[in-house]
Amino acid sequence: MNAEVLLRVGGMTTAFITHADALNHATPEGHAECAARLQAIYQATDGLDLLRLKAPLADDQPILRAHPQSYIDGLMARVPKAGTVALDPDTYLSPGSLNAARSAVGGMVKAVDMVLEGKVGNAFVAMRPPGHHAEREKAMGFCLFGTVAIGALHALKAHGLSRVAIVDFDVHHGNGTQDILWDEPDIRFFSSHGMPLYPGSGAENERGAHGQITNIPLPPHSTGALFRQKLDAVILPALEDSKPELLLVSAGFDAHADDPLANLDWQDEDFIHATERLCALAQKHCDGRLVSSLEGGYNLSTLGRLVRAHIETLQEHST
């Protein structure tokens, strides 16, 4: 009897979905988005009682819900036989990059499937490259495919859901998720992020074609107290109104005060608080169905610690 069958007999748990492909996405020496990020997460989460699963390699079908075939073909044509090639000053392709990005999508799709089919209570997808900066036809900000946006579209198209929500608390605006989902009335997208900061988008007046996008720019060096206020006053009430059937989280950990790529001053407990509140909302409206996916976080010791705390909180709320 395999692990997924055992789950249906033995109850719910938290899935931890990853694949060694993610270690084979190479970036130049000294690049912040590197394989050591995932290795730090593996080390920090070693010993946790999780259902550990390999992310499958996604084919074009789920990716085409977010990106045109021409975009996929263009990336494939630029994959080098060795070394790295720059798509922009921040974003690189190496020989293993597309398999890593496809496995990230495959992991997200698998997580959504398992949560919606009742095989697990919730899930964390530990993959790289991240995804929330990848626009419909543009790779940028370390990202190749819009992983979480693809997961939301998969929930609508493959599972027939009518209300999905995404909360993105990465310190950088999820411009790619916004671009891909701009015309999607059934997916609510919330992004809190530092401003001014890369990529320069995410103003409050960017609302989506159906008013379904909520951007919450935060000033430099603001603490987690301001984010908690916005979570309680803006994000959670809107989620209460929309009553999503599935909650997805773009879990970036780079708003922490110790992260080198940004200038917000959150502490560990702010990420735990956000996870607890989102899990409680998911339990109320989604039967606990929540999928979280790794985005940013570039201080290795901080990243490992925060991801472990995030996952432990998911475990506490897995029903």
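The values are calculated or read from the model by the stated rules, or taken from the named source; none is laboratory data. The model shown is predicted, which means the values in this text are computed figures rather than measured ones. Backbone-built Cβ (ideal geometry, glycine too); neighbour counts: all protein chains shown.
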What number of residues within segment 210-223 satisfy the criterion of being within 20 Å of the chain's Cα centre (by Cα) and outside any loop (DSSP other than H, G, I, E, B)? 6
Give the residues of segment 210-224 that are in contact (Cβ under 8 Å) with a residue 40 or more places away in the chain and loosely packed, with under 14 Cβ neighbours inside 10 Å, sorted by residue number. 220, 221
Count of segment 262-297 residues which are outside any helix (DSSP H, G or I) and under 22 Å from residue 238 (Cβ atoms): 11
Which residue is nearest to the chain's Cα centre (by Cα), if the candidates are limited to segment 198-209 and must be on the phi > 0 side of the Ramachandran plot and surrounded by 18 or more Cβ atoms within 10 Å (Cβ to Cβ)? 202
May I ask you to say which residue of 22, 32, 66 is part of a helix (DSSP H, G or I), in contact (Cβ under 8 Å) with a residue 24 or more places away in the chain and under 20 Å from the mean Cα position of the chain (by Cα)? 22
Quickly run through segment 182-209 and pick out the residues that are in a loop (DSSP other than H, G, I, E, B) and in contact with a Phe, Trp or Tyr (Cβ under 8 Å, 6 or more places away or on another chain). 208, 209
Which residue, of 179, 183, 170, 73, is at pLDDT 95 or above, within 30 Å of residue 211 (Cβ to Cβ) and over 19 Å from the mean Cα position of the chain (by Cα)? 183
Out of the residues in segment 261-319 that are crowded, with 22+ Cβ neighbours inside 10 Å and acidic (Asp, Glu), which is nearest to residue 119 (Cα to Cα)? 295
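Yes or no, residue by residue, for (1) over 17 Å from residue 173 (Cα atoms); (2) touching a residue at least 60 places away in the same chain (Cβ under 8 Å); (3) basic (Lys, Arg):
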position: 234; (1), (2), (3): no, no, no
position: 237; (1), (2), (3): yes, no, no
position: 240; (1), (2), (3): yes, no, no
position: 245; (1), (2), (3): yes, yes, no
position: 256; (1), (2), (3): no, no, no
position: 265; (1), (2), (3): no, no, no
position: 273; (1), (2), (3): yes, no, no
Give the residue, chosen from 44, 77, that is among the hydrophobic types (A, V, I, L, M, F, W, C), more than 28 Å from residue 154 (Cα to Cα) and assigned to a helix (DSSP H, G or I). 44
Yes or no: segment 229-244 includes at least one residue that is basic (Lys, Arg) and assigned to a helix (DSSP H, G or I). yes
Meets criteria (in contact (Cβ under 8 Å) with a residue 60 or more places away in the chain and under 20 Å from residue 20 (Cα atoms)) for residue 127: yes
Determine whether residue 242 is within 28 Å of residue 107 (Cα to Cα), touching a strand residue (DSSP E or B) at 6+ places or on another chain (Cβ under 7 Å) and surrounded by fewer than 17 Cβ atoms within 10 Å (Cβ to Cβ). yes
Residue in segment 98-120 that is surrounded by the fewest Cβ atoms within 10 Å (Cβ to Cβ), counting only those that are small (Gly, Ala, Ser) and touching a strand residue (DSSP E or B) at 6+ places or on another chain (Cβ under 8 Å): 111
Filter segment 228-239 down to the residues that are over 14 Å from residue 193 (Cβ atoms) and touching a strand residue (DSSP E or B) at 6+ places or on another chain (Cβ under 9 Å) and list them by number. 238, 239
